[in-house]
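K.L.:
Pasting a structure here, questions to come.
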Amino acid sequence: MLLSLDFCYGENNRILNKLNELKARELPLEHKLFNSDKTGEIIENKYSALYISKKNLKGQAMKKIKDQILNSENEISGISLSNGFAKGKAFIYKDILHKKFSIVDLEENEVDDEYLKLKTAISEVIEDLKESKKRTEKHTNSEIGQIFEAQEMMLQDSSLNKELKNEIYKELNSSKQAVKNVFKRWIKKFKKSKNKLIKEKADDLEDLSKILLRNLVGVKSHILESAPANSIIVAKKLLPSDTIFLNRKSVAGVIVESGGTSSHTALLTRELGIPAVTGVKNALELINRDDLLLVFGNEGKVILNPTEKQNGLYEKILIKHNNNLRELIKLATEKAVTIDNHPINVMANIADKNDSYAAIKHGADGIGLYRIEGLYLTKRMLPKEEELYNEIKGVLSSLNDHKISIRLLDIGGDKNLSYLDLPEETSPFLGRRGIRLLFAFPELLELQIRVILRIAKLRNISILVPMITLPEDMKKVQMIIRKIANEMEISSLPLIGAMIETPASALCVDDISEYCDFFSIGTNDLTQYTMAAGRESEYASEYFIDNHKAIMKLIKLVVENKKKLPVAICGELAGKIEYLSELLKIGIRNISVPPGLIPEIKAKIRTLKITN
């Protein structure tokens, strides 16, 4: 490796001279670097060798430094929630639910005033929730903002308000005690529900009780607002009304005792790029206010009160990481081409406007997957056509001439719409999901198609159809799109793609190709259905292996039977650098990953040789 590095550095000046020579000839640099002429091949090969050597040494050096910091006596282990690393002082957050209120029995002549106090608090909280929604949508996205709208609806529930009133008038409890008692009962009922969606609402109820109690005791500001710069928030768990106060300016990292990878905390910390670790047992007992902490989000590790040596090593990691990231982003806008001159499209998966900005910044060649579920899941009713049109148009506004694949609404399984009358299924993941559900609600499907056809007049749009199982599924969608296009007097149709997410569709890809223009392999569901292991199941996690040879064989089968149609891969497997070479050797030439992964994926592609 050292020999290779010396050789490459020795060649460095010659390469730069050749680049200058190409520029002087006023020939397209991208053509010379990435096409198959001999000069381009030499330059690309030398550049790649240099990258490999530097990258490997950096990786080895980074790991060596991390190993010296971690696995020490002052290490606290948890689970990765949001990637990255951070350094800061502990800011201990204990919410008001842990506060004990003295129990006071009211006199009968006091109940009216006490109930008025409660009603006033509810009105003020509703206004605060509306403000929180606006604030979140401005700084993050509408998906998170809609959480507060859902809480507002809960607080207006007539049954809940009736119980609160009874606690005051019949039980003669104070407004504070009424809130604690009633919400405690409701939270318990929600947590016992067999319906996953209802069970998940328990956190929202707990959050509401906390907000109400804060109002009733006269706390007008949130404690997290007072967190100084570079704080590491340490809490039992964070709820939506807490996460609204997380921001990059003051919060460097987050440590929580509980909170899953799909929790509100996970959603917002990833959105903001704040490193976070969950599952840290007894964090509030182990960590004291102002303790110095190092948070390693990727590893799910925390260093408590690092030594002088650990601090010095951390600073080295930070410098190396920032320098490496700057280098990668500089090159990310260039096309990714393998050593043996195979161009690879590296596209972005997006869900909102911030993702669109990130896609451009990180050099996306297009949008391989735009998920629109966030525009539905957080609303209390189906969006109307104009509303959906404006929201999608807004998300895509920062993208210029990029190719964009919009996936039709993919719900069912663990994602349901509360305002649709969906029967409870024994096996929801094997029931009406994706296009199957849309067929059952034709108005829902047709509205999306009308909106996408309208946007396709302005942009390079293609339609992606989720959960295709049979060729007949694709044929039916194609007919519906053509019918609506005729009604709208549109003659030029966008390309239509089939999501390959089941073994059946992978095995029948040659038949499905008769009714589509391209394929996109969703490896998350393909793995789930092939390996018979749910992604979220803690009891079958050892079977959820998305790089298993069974999955790779199915991907290869799709590539071999695609009838010259383009094939993309957009599941988590696409973002795993260690399997990138195998995917490219199988024949994948289009991949779609989260925006932040694009620079490193492109850099890795330039080091690979994929043909013998």
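The values are calculated or read from the model by the stated rules, or taken from the named source; none is laboratory data. This is a predicted model, so every value here is computed, not measured. Quick reminder, even Gly has a Cβ in these numbers, built from the backbone with ideal geometry, and neighbours come from all protein chains shown. Please note that ligands, DNA and RNA were not included when accessible areas were found on the heavy atoms of the full protein model with its side chains. Shrake-Rupley method; radii C 1.70, N 1.55, O 1.52, S 1.80 Å.
K.L.:
Considering only L458, L382, L438, whose Cα is most displaced toward the positive end of the charge dipole of the range 363-467, charges sitting on Cβ of Lys, Arg (+1) and Asp, Glu (-1)?
P.N.:
L458
K.L.:
Given charges of +1 on the Cβ of Lys and Arg and -1 on the Cβ of Asp and Glu, with all other atoms neutral, how large is the dipole of the range 444-562 about its Cα centre, in debye to the nearest 20?
P.N.:
That gives a dipole near 440 debye.
K.L.:
Here is a further query. About the Cα centre of the range 239-389, how large is the charge dipole given +1 on each Lys and Arg Cβ and -1 on each Asp and Glu Cβ? Please answer in debye to the nearest 20.
P.N.:
The calculation lands at about 200 debye.
K.L.:
By average Cβ neighbour count within 10 Å, what is the ranking of 313-323, 160-170, 569-579, 360-370 from highest down? Please list the in-between numbers first.
P.N.:
Numbers: 313-323: 14.1, 160-170: 16.5, 569-579: 19.7, 360-370: 22.9.
Packing order, densest peptide first, comes out as 360-370, 569-579, 160-170, 313-323.
K.L.:
Roughly how many percent of the accessible protein surface of the range 318-415 is carbon and sulfur, given a 1.4 Å probe and a whole-percent answer?
P.N.:
Details: 2150 of 4080 Å².
Percent of accessible area from carbon and sulfur atoms in the range 318-415: 53.
K.L.:
If you don't mind, another one. Mind checking the dipole of the range 412-489: about its Cα centre, +1 per Lys or Arg Cβ, -1 per Asp or Glu Cβ, Debye to the nearest 20?
P.N.:
With only Lys, Arg, Asp and Glu charged at Cβ, the dipole is about 420 debye.
K.L.:
Under the Karplus relation 6.51 cos²θ - 1.76 cosθ + 1.60, θ = phi - 60°, what is the ordered set of whole-Hz ³J(HN,Hα) values for the range 392-406, x standing for Gly and Pro?
P.N.:
Going residue by residue, I get 5, 4, x, 4, 8, 4, 7, 8, 8, 9, 5, 6, 10, 9, 9 Hz, with x marking Gly and Pro.
K.L.:
From the phi angles alone, apply the Karplus equation (6.51, -1.76, 1.60; θ = phi - 60°) to the range 452-458 and give each ³J(HN,Hα) in whole Hz, x where the residue is Gly or Pro.
P.N.:
5, 5, 5, 5, 5, 6, 9
K.L.:
Kindly provide the chymotrypsin sites (Phe, Trp or Tyr not before Pro) of the range 465-560 that DSSP labels as loop, not H, G, I, E or B, and whose Cβ sees at most 11 other Cβ atoms within 10 Å.
P.N.:
Taking the range 465-560 and a limit of 11 other Cβ atoms within 10 Å, the loop chymotrypsin sites (Phe, Trp or Tyr not before Pro) found are Y539.
K.L.:
Taking amide H positions as placed in the peptide plane 1.01 Å from N, state which residues far from I468 in sequence (5 or more) or on other chains have amide H under 5 Å from it.
P.N.:
M499, E501
K.L.:
Sort 184-194, 549-559, 296-306 by the packing proxy (mean of other Cβ within 10 Å over each peptide's residues), most packed first.
P.N.:
With the highest mean Cβ count within 10 Å placed first, the list reads 296-306, 549-559, 184-194.
K.L.:
Going through the cross-link list K330/K602; K201/K249; K134/K361; K188/K236; K194/K476, which pairs have a Cα-Cα distance over 23 Å in this structure?
P.N.:
Correct reply: K201/K249; K134/K361; K194/K476.
K.L.:
Take the solvent-accessible surface of the protein heavy atoms, probe 1.4 Å, and return the percent of it on the range 428-503 that carbon and sulfur atoms account for.
P.N.:
54
K.L.:
From the phi angles alone, apply the Karplus equation (6.51, -1.76, 1.60; θ = phi - 60°) to the range 251-259 and give each ³J(HN,Hα) in whole Hz, x where the residue is Gly or Pro.
P.N.:
9, 8, x, 9, 10, 10, 6, 9, x
K.L.:
Going by average Cβ neighbours within 10 Å, how do the peptides 459-470, 340-351 rank, with the highest at the top?
P.N.:
Ranked by mean Cβ neighbours within 10 Å, highest first: 459-470, 340-351.
K.L.:
Taking amide H positions as placed in the peptide plane 1.01 Å from N, state which residues far from N561 in sequence (5 or more) or on other chains have amide H under 5 Å from it.
P.N.:
Close amide H contacts, sequence-distant or interchain: none at all.
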